Amino acid sequence: MMRTLIDRLEREGVLSREEFVALIDGRTPELAQYLFERAREVRHRHYCKDVYIRGLIEFTNYCKNNCLYCGIRCGNQNAQRYRLSKEEILDCCREGWELGYRTFVLQGGEDPWYTPARIEDLVRAIKAQHPECALTLSVGEHPREVYQRWHDAGADRYLLRHETADAAHYASLHPKNLTLENRMRCLRDLKDIGYQVGCGFMVGAPGQTTDCIAKDLLFLHEFQPQMVGIGPFIPHCDTPLRDAPQGSLELTLYLLGIIRLMLPQVLLPATTALGTIHPEGREQGILAGANVCMPNLSPVAVRKKYTLYNNKISTGEEAAQSRDALAKRIASIGYRVVVSRGDHITRI
Ligand code: 5AD
């Protein structure tokens, strides 16, 4: 019965809301294994055993927003704020290039010092230094004109998680000035402008019901993003949600499998949060259908300060510098890290 749902999801790319709820609430270890087998087959058809890597540069942890779950919310007085200079960012990229990275992700809080003009300048400088690399921005909500300006300057992709497709749930996780409506407006503008767009959500965010997740999946089907980032919610001690339970590895993996079947060609990262809650979380993510890893390229001195949640991994094999260690781990599960922007494949 449940396997029939999985087979239909693979054929049609979507189920009804009720069917999604049944598929999620009715999961068993056996059903999950079946799902992962199907997800891997679909993934191998499109991406073989290749794993794409993105060099993540967390360039500022200043943020004007006060999202209830996030460790860099403006209300967190304990956060040690930092902001990388243009030169420091270009150095990160230069180092990343040497290590085989061909996509850089500039991620930061919504930092008013980093005006649209300054970000445009960064985009131009990075693209001038590395014309063969893809550049991904992840700097939050902005007017359409600003997104257009950065795209004109050469930005290729944009990550903006929708966080939850349920408006009431969205309101419970965010301050009043942030709305699901504006988040969706941003995502549609980005896609319209021509960015490759990534959305996504936290698994096990406080207040999330199976029905919320079913809505998230229906939204993914409707929006057809090029990338989807999901990871477990992990409480941060200096936020109002400090006592909420962590999201589960098992449900995150199950949803990765479902998303691979729904969007066969999607770029799906095994996220840092997944690697944080289990030492083999990211390997398990790849075996569930993920095909992207995003190691940290930020300077070691600031890494610990970009704490969205507690115990965020940032050293050892998380570090982009441990490129060989990462390649070995990926190889140990039968996959290979490739030097590529994300579509053209060169083996290393
Ligand atoms: N746990 C897990 N993920 C988090 N994010 C923010 N705070 C947390 C947390 N406590 C995620 C959000 C955001 C992305 C950059 O990090 O989904 O979009």
(request) With the condition kept exactly as written, say whether any residue in region 73-89 is touching a Lys or Arg at 6+ places or on another chain (Cβ under 9 Å) and within 16 Å of the ligand (Cβ to nearest atom). (result) yes
(request) Hey, can you tell me all the residues within region 241-266 that are open to solvent by less than 20 Å² (accessible area, probe 1.4 Å) and either closer than 21 Å to G342 by Cα or away from the ligand (no atom under 12 Å from the Cβ) (or both)? (result) L253, Y254, L255, L256, G257, I258, I259, R260, L261, M262, L263, V266
(request) Test L308 against the stated conditions and say whether it is assigned to a helix (DSSP H, G or I), of a type in the set (A, V, I, L, M, F, W, C) and either within 15 Å of the ligand (Cβ to nearest atom) or open to solvent by 10 Å² or more (accessible area, probe 1.4 Å) (or both). (result) no
(request) Output the residues belonging to region 98-120 that are among the β-branched types (V, I, T) and either touching a Phe, Trp or Tyr at 6+ places or on another chain (Cβ under 9 Å) or surrounded by fewer than 18 Cβ atoms within 10 Å (Cβ to Cβ) (or both). (result) T103, T115, I119
(message) Take V139 and tell me if it is closer than 24 Å to G55 by Cα, without any contact (Cβ under 8 Å) to a residue 40 or more places away in the chain, buried (at least 17 other Cβ atoms within 10 Å of the Cβ) and among the β-branched types (V, I, T).
(response) yes
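Listed here are the residues, each with its yes/no results for (1) open to solvent by less than 10 Å² (accessible area, probe 1.4 Å); (2) among the polar types (S, T, N, Q); (3) in contact (Cβ under 8 Å) with a residue 24 or more places away in the chain.
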site: Y47; (1), (2), (3): no, no, yes
site: Q80; (1), (2), (3): no, yes, yes
site: E87; (1), (2), (3): no, no, no
site: L90; (1), (2), (3): no, no, yes
site: G96; (1), (2), (3): yes, no, yes
site: L122; (1), (2), (3): yes, no, yes
(message) For the condition at pLDDT 90 or above, under 18 Å from E250 (Cα atoms) and open to solvent by 20 Å² or more (accessible area, probe 1.4 Å), what is the one hit in R341, R282, R329?
(response) R282
(request) Could you look through region 1-50, keep only residues that are assigned to a helix (DSSP H, G or I) and small (G, A, S), and pick out the one that is nearest to A327 (Cα to Cα)? (result) A39
(request) With the checklist (1) closer than 17 Å to M294 by Cβ; (2) open to solvent by 30 Å² or more (accessible area, probe 1.4 Å); (3) touching a helix residue (DSSP H, G or I) at 6+ places or on another chain (Cβ under 6 Å); (4) free of Cβ contacts under 8 Å to residues at least 40 places away in the same chain in hand, flag the one item I126 doesn't pass. (result) (2)
(message) On the basis of being over 21 Å from G342 (Cβ atoms) and either among the aromatic types (F, W, Y) or under 21 Å from the mean Cα position of the chain (by Cα) (or both), does N61 make the cut?
(response) yes
(request) Evaluate region 186-207: report whether one residue or more is among the basic types (K, R) and touching a Ser or Thr at 6+ places or on another chain (Cβ under 9 Å). (result) no
(message) Name the single residue that is surrounded by the fewest Cβ atoms within 10 Å (Cβ to Cβ) among those in region 51-69 being assigned to a loop (DSSP other than H, G, I, E, B) and touching a helix residue (DSSP H, G or I) at 6+ places or on another chain (Cβ under 9 Å).
(response) L68
(request) Sort out which residues of region 250-280 are closer than 30 Å to Q77 by Cα and touching a Gly at 6+ places or on another chain (Cβ under 6 Å), and write them in order of number. (result) T271, A273, L274, G275
(request) Residues being in a helix (DSSP H, G or I), of a type in the set (V, I, T) and farther than 16 Å from A331 by Cα: count how many of those fall in region 265-302. (result) 5
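The values are calculated or read from the model by the stated rules, or taken from the named source; none is laboratory data. Fair warning: this is a prediction, and the values are worked out from it, not measured in the lab. Every residue, glycine among them, receives a Cβ derived from its backbone with ideal geometry; neighbour counts consider all protein chains shown. Ligands, DNA and RNA are excluded from the accessible area calculation, which covers all protein heavy atoms including side chains. Shrake-Rupley method; radii C 1.70, N 1.55, O 1.52, S 1.80 Å.
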